[in-house]
1. Of the residues that sit in segment B:63-77 and are part of a loop (DSSP other than H, G, I, E, B) and without any contact (Cβ under 8 Å) to a residue 40 or more places away in the chain, which one is surrounded by the fewest Cβ atoms within 10 Å (Cβ to Cβ)?
2. Identify, from the list A:Asn59, A:Asn41, the residue that is at pLDDT below 80, away from chain B (no Cβ under 13 Å) and either surrounded by 12 or more Cβ atoms within 10 Å (Cβ to Cβ) or in contact with a Ser or Thr (Cβ under 6 Å, 6 or more places away or on another chain) (or both).
3. Return the residues of segment A:213-256 that are out of contact with any strand residue (DSSP E or B) (no Cβ under 8 Å at 6 or more places or on another chain) and either loosely packed, with under 15 Cβ neighbours inside 10 Å or of a type outside the set (Val, Ile, Thr) (or both); say none if nothing qualifies.
4. Determine whether A:Gln184 is out of contact with any helix residue (DSSP H, G or I) (no Cβ under 7 Å at 6 or more places or on another chain) and within 14 Å of another protein chain (Cβ to nearest Cβ).
5. Examine segment B:86-96 for a residue that is buried (at least 20 other Cβ atoms within 10 Å of the Cβ) and under 18 Å from the mean Cα position of the chain (by Cα), and state whether such a residue exists.
6. Listed residues B:Phe27, B:Phe103, B:Phe55; which is surrounded by 15 or more Cβ atoms within 10 Å (Cβ to Cβ) and in contact (Cβ under 8 Å) with a residue 12 or more places away in the chain?
7. Filter segment B:107-150 down to residues that are within 14 Å of chain A (Cβ to nearest Cβ) and of a type in the set (S, T, N, Q), then give me how many there are.
8. Quick check on this structure: which one of A:Gly212, A:Gly204, A:Gly177, A:Gly197 is touching a helix residue (DSSP H, G or I) at 6+ places or on another chain (Cβ under 7 Å), among the small types (Gly, Ala, Ser) and not in a strand (DSSP E or B)?
Amino acid sequence: MQQIIYFFLRNKNFLLFLSLFLLSIFINFRSNSYTSSKIINSSNVVVGYLYNNLTSIKNYFNLIEENKKLIEENQFLRLRTINTKSDTISNSINYNITNGNIIKNSYNLTKNYITLDIGRNQGVEVDFGVISSNGVIGIVDKISSNYSRVISILNTNINLNAKLKTSNHFGTLSWNGENPLYVQLKDLPKQAVLKIGDTITTGGNSLIFPKGILIGSIKSYKLDNSQNYLELEVKLFNDMSNINHVYIIENTKINEIRNLDE
Amino acid sequence: MNNIIKNIISAIAFILIQCLILNNINFLNSINPLLYIYIIVYFPIINNRIIFILFSFLYGLSIDIFTDSAAVHAAACVSLAYFRPIFLKLIFGMTYIHQVVKFKDIDLKQNLFYISSLTLFHHFILFFIEVFDSSKLILVFEKAIFTSIFTILLIVLLNLFLKNK
């Protein structure tokens with residue numbers, strides 16, 4: 001017994017190091033499976049407050065460009081409302097849209113997250129989709145009362161259902177962690193007809209995003225190892241390093257569909 | 001006591017500089033210097049190792065909270081703190097063993113060697129845990145080496161700046 005105590009005392013530095021190191025590795029693995037601890041993310045009060053203030057300073061220098069983007073989008077939406085006949089809008093609204101600003105964005109890691117300045121108080125919940133005027137940004141994964149954290153599309157853990165704009169062939173969109181301008185679309189059936197420059201949009205199979213939201217254009221494609229599926233390199237429409245204003249999409253029928261699946 | 005408060009204030013300052021300024025540099029799309037390890041690299045040589053290791057863990061964890069990286073920085077910082085004496089022994093030899101080495105008056109060549117080895121060690125652990133995929137070892141190497149160059153440069157510059165002051 002005395003020897004055991006003596007052993008612990010002699011190796012206390014090493015044991016402390018080992019336990020802290022294993023603890024951090026444990027936290028890392030937990031965070032990969034969607035259920036990490038509540039404190040270690042940037043949607044908590046202190047960090048959210050700091051990033052919020054910093055962004056308000058940064059935004060000041062970006063106003064001109066941001067205004068231009070909003071005007072362009074307004075123009076586009078106005079065109080669409082003029083061209084849509086009122087009777088094609090269905091009676092039931094499936095999706096609600098709120099908007100928010102990005103207060104922290106990263107794209108240089110392999111697991112990138114974005115923090116938004118709206119949270120539970122503004123009606124955001126986990127698993128809401130986030131898009132900008134140019135396309136998909138990510139999925140909300142953690143919320144606090146006034147901030148929320150989004151898994152960026154530039155995160156090696158994200159998987160999205162995506163399809164070709166011109167046909168209904170779909171595959172899985174993910175990121176290999178290398179270039180923040182390109183993402184990869186895998187498992188697309190090889191009979192799909194496509195050419196370089198074609199548009200990729202979200203597929204209808206996801207409960208999070210409505211069908212047809214823009215993602216990017218095809219840069220190159222090749223057959224994968226099994227020779228049955230195509231692997232596509234997709235150039236994002238969004239410049240992930242320069243985004244500020246985003247829209248949060250809520251699928252109001254999500255619970256109904258989930259109940260059906262169970 | 002005075003010293004402890006001073007250290008805590010400088011740690012907070014480093015965290016804020018790292019997260020609010022340096023993490024937004026994004027040189028060539030993906031390179032951000034990690035200047036914050038300066039505090040661990042130049043932590044007083046005569047110290048209580050338990051406190052040093054615990055401090056490094058909390059320090060790394062606070063960087064993690066800002067960057068949403070689970071506990072990657074914490075793991076790397078703890079390893080850096082634990083293995084630092086080995087590097088000190090290798091580089092400063094007898095002067096370290098006799099506890100007469102002082103960071104203030106070591107020569108530039110030795111200092112540069114010391115900074116580089118610790119930075120590379122820290123960055124390799126950091127990116128290896130962050131990526132954690134054996135098929136992407138090249139990516140780990142790329143990131144670790146490019147970021148290290150940037151970090152070493154900044155630490156040397158900060159050294160010069162503090163010396164002149």
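1. B:Ala70
2. Just one listed residue meets the conditions, A:Asn59.
3. Across segment A:213-256, the qualifying residues are A:Asn225, A:Ser226, A:Gln227, A:Asp239, A:Asn242, A:Lys253, A:Asn255, A:Glu256.
4. yes
5. Checked segment B:86-96: no residue is buried (at least 20 other Cβ atoms within 10 Å of the Cβ) and under 18 Å from the mean Cα position of the chain (by Cα).
6. Answer to the selection: B:Phe55.
7. 3
8. When all the criteria are applied, what remains is A:Gly177.
The values are calculated or read from the model by the stated rules, or taken from the named source; none is laboratory data. Predicted model only: the values in this text are computed from it and were never measured. Reconstructed Cβ throughout: ideal geometry from the backbone, glycine too, with neighbour counts over all protein chains shown.
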